[in-house]
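Enquirer: Pasting a structure here, questions to come.
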Amino acid sequence: MKKLLEGHHTRLTRFQPEDTEVMQRLLDDATFARHFSATPYRHLSMDKIEKMMATDAPETFRFAIRNFEDERMIGVVALEDILPTHGTAWLMIGIDSDCEGQGYATDALQTILEYAFLELNLYRIQLTVFDYNLRAIKLYERLGFVQEGRYRAFLRRDGERHDMLLYGLLEPEWRERQ
């Protein structure tokens, strides 16, 4: 029997004290930070990172992504702003750029979606992604997410305007693909 919060290559766990340094390194990587957030890139204090990772808000489920090989933290995935009455949540993920292209993001997303739909009984998962993050867009579409909207010229990076895309996945659509 498959374990809860465990995929084929990754496991989703609580954050450990040593993860703060890993998260700081990830957020200090400008490419990671620019895919992860629309806010301007800046260094965050260890205290700020610890508080972000320690949230126990009832509408947030945030996990460290660990690979099976050495159990090190390679990213973060979360369901946030959950509205239980409506069965909706926002999804976010960030993977260490050294681990891209190895299937970890796919595995972690499949695991969190299973958790969202089967354990939390959510109906709709939504996310936003910047139009320049083509790798992420391909991944979301491969997992069944449907583009539902476009925030035109939402973001300015390096002197250019970029759209922010809205994607959604409904529980029956996800179940159909299983």
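Enquirer: Within the stretch 23-44, does at least one residue satisfy the condition of being among the aromatic types (Phe, Trp, Tyr) and more than 16 Å from the chain's Cα centre (by Cα)?
Expert: yes
Enquirer: Of these, THR10, THR31, which one is among the hydroxyl-bearing types (Ser, Thr, Tyr), touching a Ser or Thr at 6+ places or on another chain (Cβ under 9 Å) and crowded, with 19+ Cβ neighbours inside 10 Å?
Expert: Numbers: THR31 fails: crowded, with 19+ Cβ neighbours inside 10 Å.
When all the criteria are applied, what remains is THR10.
Enquirer: Follow-up question, since we're still on this one. Based on this model, can you work out whether THR128 counts as open to solvent by 50 Å² or more (accessible area, probe 1.4 Å), free of Cβ contacts under 8 Å to residues at least 40 places away in the same chain, polar (S, T, N, Q) and in a loop (DSSP other than H, G, I, E, B)?
Expert: Spelling it out, it is not the case that THR128 is open to solvent by 50 Å² or more (accessible area, probe 1.4 Å), free of Cβ contacts under 8 Å to residues at least 40 places away in the same chain, polar (S, T, N, Q) and in a loop (DSSP other than H, G, I, E, B).
Enquirer: Kindly provide the set of residues from the stretch 85-107 that are part of a strand (DSSP E or B) and either within 14 Å of ARG11 (Cβ to Cβ) or open to solvent by less than 30 Å² (accessible area, probe 1.4 Å) (or both), ordered by number.
Expert: Initially, the stretch 85-107 is screened for residues part of a strand (DSSP E or B), giving 88-95.
Matches in the stretch 85-107: THR88, ALA89, LEU91, GLY94, ILE95.
Enquirer: Something else about it: Would you mind stating whether THR106 is among the β-branched types (Val, Ile, Thr) and free of Cβ contacts under 8 Å to residues at least 24 places away in the same chain?
Expert: Spelling it out, it is not the case that THR106 is among the β-branched types (Val, Ile, Thr) and free of Cβ contacts under 8 Å to residues at least 24 places away in the same chain.
Enquirer: Identify all residues within the stretch 1-54 that are closer than 24 Å to PHE130 by Cβ, in a loop (DSSP other than H, G, I, E, B) and of a type outside the set (Ser, Thr, Tyr); write none if there are none.
Expert: ASP29, ALA38, PRO40, ARG42, HIS43, LEU44 - these are the residues of the stretch 1-54 that are closer than 24 Å to PHE130 by Cβ, in a loop (DSSP other than H, G, I, E, B) and of a type outside the set (Ser, Thr, Tyr).
Enquirer: Test ARG62 against the stated conditions and say whether it is closer than 23 Å to LEU4 by Cβ, touching a helix residue (DSSP H, G or I) at 6+ places or on another chain (Cβ under 9 Å) and surrounded by fewer than 16 Cβ atoms within 10 Å (Cβ to Cβ).
Expert: Values: closer than 23 Å to LEU4 by Cβ: yes; touching a helix residue (DSSP H, G or I) at 6+ places or on another chain (Cβ under 9 Å): yes; surrounded by fewer than 16 Cβ atoms within 10 Å (Cβ to Cβ): no.
The answer is no for ARG62.
Enquirer: Still on this model: Considering only residues of the stretch 65-81 that are under 17 Å from GLU100 (Cβ atoms) and assigned to a loop (DSSP other than H, G, I, E, B), which is least open to solvent (accessible area, probe 1.4 Å)?
Expert: Among residues in the stretch 65-81 that are under 17 Å from GLU100 (Cβ atoms) and assigned to a loop (DSSP other than H, G, I, E, B), the one least open to solvent (accessible area, probe 1.4 Å) is ARG72.
Enquirer: Would you confirm, using the coordinates I've provided, whether ALA54 is open to solvent by 30 Å² or more (accessible area, probe 1.4 Å), more than 24 Å from ALA136 (Cβ to Cβ) and small (Gly, Ala, Ser)?
Expert: In short, yes.
Enquirer: Which of the residues spanning the stretch 5-28 are touching a Phe, Trp or Tyr at 6+ places or on another chain (Cβ under 7 Å) and among the β-branched types (Val, Ile, Thr)?
Expert: Once the filter is applied, which keeps residues that are touching a Phe, Trp or Tyr at 6+ places or on another chain (Cβ under 7 Å) and among the β-branched types (Val, Ile, Thr), the stretch 5-28 yields THR10, THR13.
Enquirer: I've got another one for you. For the stretch 141-161, state whether one or more residues are among the aliphatic types (A, V, I, L, M), open to solvent by 30 Å² or more (accessible area, probe 1.4 Å) and not in a strand (DSSP E or B).
Expert: no
The values are calculated or read from the model by the stated rules, or taken from the named source; none is laboratory data. Note that this is a predicted model, so its numbers are computed, not measured. Note that each Cβ is placed from the backbone with ideal geometry, even for glycine, and that neighbours are counted across all protein chains shown. Areas reflect the complete protein model, heavy atoms only, side chains present, ligands, DNA and RNA absent. Shrake-Rupley method; radii C 1.70, N 1.55, O 1.52, S 1.80 Å.
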